[in-house]
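Undergrad: Quick one: the structure is below, questions incoming.
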Amino acid sequence: MSDSFAHRYGIGAQFIHLGVDVGLLTTSLMVGLVSGADGGAEVIRYLALGDSFTIGTGTPERLNFPSQLGGMLRRRGREVRVENVAVNGYSTKELMRDELPALEVVKPTHVTLAIGANDLVRGAGPDEYRARLKQIFARLNAAGLRGARLLVLPQPDWSQAPIAEAFGDRPALAKRIEAYNGILAEETRAAGGVFVDLWPLMQGQARQKLFADDGLHPAGKAYTAWAEALVERFELR
């Protein structure tokens, strides 16, 4: 796999966040994400954690699912601050190092987590993936996030993407994606979070070819359906 290919598609062993010095999503870069005061119970401080499927690689920022979810909540009369610290090409390892520090800055009332595709492609085995998830969920629980304030999404069925064969046999990829999603679901429930099983929806979107122009990531229309499913599950008390 060439560096240029990796940089273009943001998933796999050599994938690095486009145009950003990774490892610098620290408190210094996140100053100003949340301005001081708590804001009270009426304010939703929503932190989105993940990889390219959360940052919305291949689509305008306004169309990624966290942005659309924030808009849906505002239309319901809620005050929402959306902080999307997801990074293109990240696995559980980089998420722990660079994204979880945002918990201390944002102090989120709600979190979405979607991670695993890059663990799979880089060859992290199921046991390694599970072990890192346990560490991530321990940090999230320690921040008081559980129940409907901790929503977790599967990785989409990118085995049906136009360029998926660049990563291996399509049926084999589909089985591995489902297996990693199964681990994610198990660990979410063990941590008291809510696993939002969008897999049937995601498979249908893949069959409809709802992919961005890069031939790998979902199109904005696909993210709209994800946000619609998530908004119904937000705990708003």
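Every number in this text was worked out from the coordinates using simple rules, so none of it is lab data. As the structure is a computational prediction, the values presented were derived from the model and not from experiment. Don't worry about glycine lacking a Cβ; one is built from the backbone with ideal geometry, like all the others, and counts go over all protein chains shown.
Undergrad: Hull surface divided by four, with the convex hull built on the Cα atoms of the range 142-237: how many nm²?
TA: About 6.9 nm², averaged over all directions.
Undergrad: Counting only Cα atoms, I'd like the Rg/Rh figure for the range 43-231, Kirkwood definition for Rh.
TA: Checking Rg against Rh, the ratio lands at 0.94.
Undergrad: Calculate how many DSSP beta bridges within the range 43-231 are antiparallel, expressed in % of all such bridges and rounded to the nearest 5.
TA: Once the DSSP bridges in the range 43-231 are tallied, antiparallel ones form about 5 percent.
Undergrad: So what's the net charge close to ASN141: Lys and Arg +1, Asp and Glu -1, counting the other residues with Cβ under 13 Å from its Cβ?
TA: So the surrounding residues net to +4.
Undergrad: In a shell of Cβ-Cβ distance under 14 Å around MET202, excluding MET202 itself, what net charge do Lys and Arg (+1) and Asp and Glu (-1) give?
TA: That works out to -1.
Undergrad: For the cross-link pairs LYS93/LYS209; LYS175/LYS209; LYS93/LYS221, which exceed 24 Å when the distance is taken from alpha carbon to alpha carbon?
TA: LYS93/LYS209; LYS93/LYS221
Undergrad: Sticking with this one: From a point 7 Å beyond the Cα of ARG75 in the direction of its Cβ, which residues of the range 203-230 have a backbone N at a distance under 13 Å?
TA: 224-229
Undergrad: Now, a different point. For GLU232 and ARG62, what does the FRET efficiency come to when R0 = 25 Å and r is the distance between their Cβ atoms, rounded to the nearest 0.05?
TA: The value I calculate is 0.75.
Undergrad: Counting just the Cα atoms, what span does the range 36-136 cover along each of its three principal axes? Round to the nearest Å and put the largest first.
TA: Computed over the Cα atoms, the extents are 44, 29, 18 Å.
Undergrad: Still on this structure, please answer the following. Test of understanding: what is the full-extension gain from ALA148 to ILE183, defined as 0.36 nm times their sequence separation minus their Cα-Cα distance?
TA: That works out to 10.7 nm of additional length.
Undergrad: For TRP158, TRP199, what ranking results if the residue with the fewest other Cβ atoms within 10 Å of its Cβ goes first?
TA: Least crowded to most crowded, the residues run TRP199, TRP158.
Undergrad: Please work out how much length the chain gains when fully extended from GLU165 to ASP197, using 0.36 nm per residue of separation minus the C-alpha to C-alpha distance, in nm with one decimal.
TA: 9.0 nm
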